[in-house]
Amino acid sequence: MLAVLWGALVYLAWPWIEQALPFSWTEKEFKMPGGTRSYYLYQPVKIPENARLPLYIFLMGFDLIEQPSYDTRTNYLKMAKFAEKHRAFIAFPRGMPGAFPENSGVRAWYPDYFNENRRFIASLTVFLQQKLPIDSKKIVLMGFSNGGYFAGIEMLTNPATPYCGFWLDGGAYPYAFTAEVSRKPVFLSYGENDEFNRPYLEKFRSFVLDNGWEEGRNLKTFLHKKGHAFNDQSIDAGMEFFAAFFAAQE
């Protein structure tokens, strides 16, 4: 009975226990003119000879300033699992401390330091293309929550964006629009019980449908049953969507 009780306590306390442990992945430094940034990288275990793989750049939402939070680690590990299954590289850049002024104690992507974050991610993308066998026509910028809002702004305002597709999960809103942007494929995912973010995502969806995107062609909407959470089913659906879209372009 005592062993069962201890097991239950460890299970309930595990997020706090794991947060106290060092993250097993190696955080890589990346030099920028304004200072040193950092990122994590997942590479598939077996890369076929002469293959060039897709690259997904995953922007987590709010995160701890020091090592990644329990939720962030969980999402990184989820993405790594699906990257292995679908044979893709996943880069995990870390956001800028203080980028969300209402909560200065977290890393984030916007509204402050937007241009600094944009330059960091673009520079990292170029660097990874030089280092790894990446297919330059299959680079996807994906963001969750605050990262999704950032990626949505990039998608709607930057005609010279280096990304070939956008994956917005749990965060997006049409803050601004530049009509000259290419109508790149977008995978839009959110939870039906995400009370705060769902209305913003639905406004984003209506806006892109009115401005050249078409459901079933270059837009895929995936509504899952949970709230503000990065969902396993949406990860699988997103990777399948981009794999099919890029294959159709070849």
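Just a few scattered comments:
- Residues in segment 1-53 that are closer than 21 Å to Phe82 by Cβ and among the aromatic types (Phe, Trp, Tyr) were compared, and the one that is modelled with the lowest pLDDT is Phe23.
- Residue under evaluation Pro133, criteria (1) of a type outside the set (Val, Ile, Thr); (2) within 30 Å of Asn50 (Cβ to Cβ); (3) surrounded by 20 or more Cβ atoms within 10 Å (Cβ to Cβ), criterion not met: (3)
- Inter-residue pairs, beta-carbon under 8 Å, first under 18 Å from Asp169 (Cα atoms) and in segment 225-250, second aliphatic (A, V, I, L, M), 6+ apart: Ile235/Met79; Gly238/Met142; Met239/Ala88; Phe242/Val140
- Of all residues in segment 106-118, those that are on the phi > 0 side of the Ramachandran plot have Cβ atoms under 7 Å from Cβ atoms of residues that are at pLDDT 95 or above and not in a helix (DSSP H, G or I), 6 or more apart or on another chain, in Tyr113/Met96; Tyr113/Ala99.
- Every listed requirement among (1) under 12 Å from the mean Cα position of the chain (by Cα); (2) within 18 Å of Tyr40 (Cα to Cα); (3) not aliphatic (A, V, I, L, M) is met by Arg87 save one, (1).
- Single unsatisfied condition, Pro111 versus (1) farther than 19 Å from Asn218 by Cβ; (2) out of contact with any Pro (no Cβ under 8 Å at 6 or more places or on another chain): (2)
- Restricting segment 54-68 to residues that are crowded, with 19+ Cβ neighbours inside 10 Å and more than 20 Å from Asp236 (Cβ to Cβ), the residue that is modelled with the lowest pLDDT: Pro68
Rundown of residues vs (1) surrounded by 21 or more Cβ atoms within 10 Å (Cβ to Cβ); (2) modelled with pLDDT of 95 or more; (3) outside any loop (DSSP other than H, G, I, E, B), yes/no style:
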residue	(1), (2), (3)
Met79	yes, no, yes
Phe82	no, no, yes
Lys85	no, no, yes
Ile90	yes, yes, yes
Ala99	yes, yes, no
Arg118	no, yes, yes
Ser123	no, yes, yes
Val126	no, yes, yes
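- Residue in segment 211-232 that is among the polar types (S, T, N, Q) and within 17 Å of Ser145 (Cβ to Cβ) present: yes
- Test: residue in segment 136-156 that is surrounded by 15 or more Cβ atoms within 10 Å (Cβ to Cβ), of a type outside the set (Val, Ile, Thr) and on the phi > 0 side of the Ramachandran plot: yes
Residue-wise test of (1) under 27 Å from Phe100 (Cβ atoms); (2) modelled with pLDDT of 95 or more; (3) of a type in the set (Phe, Trp, Tyr); (4) part of a helix (DSSP H, G or I).
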position: Tyr149; (1), (2), (3), (4): yes, yes, yes, yes
position: Met155; (1), (2), (3), (4): yes, yes, no, yes
position: Trp167; (1), (2), (3), (4): yes, yes, yes, no
position: Tyr173; (1), (2), (3), (4): yes, yes, yes, no
position: Ala176; (1), (2), (3), (4): yes, yes, no, no
position: Arg183; (1), (2), (3), (4): no, yes, no, no
position: Leu201; (1), (2), (3), (4): yes, yes, no, yes
position: Ser206; (1), (2), (3), (4): yes, yes, no, yes
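- Pairs with Cβ under 6 Å, 6+ apart, first in segment 122-142 and under 20 Å from Gln249 (Cα atoms), second assigned to a helix (DSSP H, G or I): Lys138/Phe246; Val140/Phe242; Leu141/Ala151
- Extreme residue, farthest from Phe92 (Cα to Cα), among residues of segment 24-45 that are hydrophobic (A, V, I, L, M, F, W, C) and surrounded by 10 or more Cβ atoms within 10 Å (Cβ to Cβ): Met32
- Any hit, segment 202-213, residues being closer than 19 Å to Asn117 by Cβ, touching a residue at least 12 places away in the same chain (Cβ under 8 Å) and surrounded by 22 or more Cβ atoms within 10 Å (Cβ to Cβ): no
- Those residues of segment 208-250 which are in a loop (DSSP other than H, G, I, E, B) and under 16 Å from the mean Cα position of the chain (by Cα), in sequence order: His228, Ala229, Phe230, Asn231
- Any hit, segment 34-49, residues being of a type in the set (Gly, Ala, Ser), free of Cβ contacts under 8 Å to residues at least 24 places away in the same chain and not in a loop (DSSP other than H, G, I, E, B): yes
The values are calculated or read from the model by the stated rules, or taken from the named source; none is laboratory data. The structure presented is a predicted model; accordingly, all values stated were derived computationally and were not measured. When we count neighbours, we look across all protein chains shown, and the Cβ atoms used for this are built from the backbone with ideal geometry, even at glycine.
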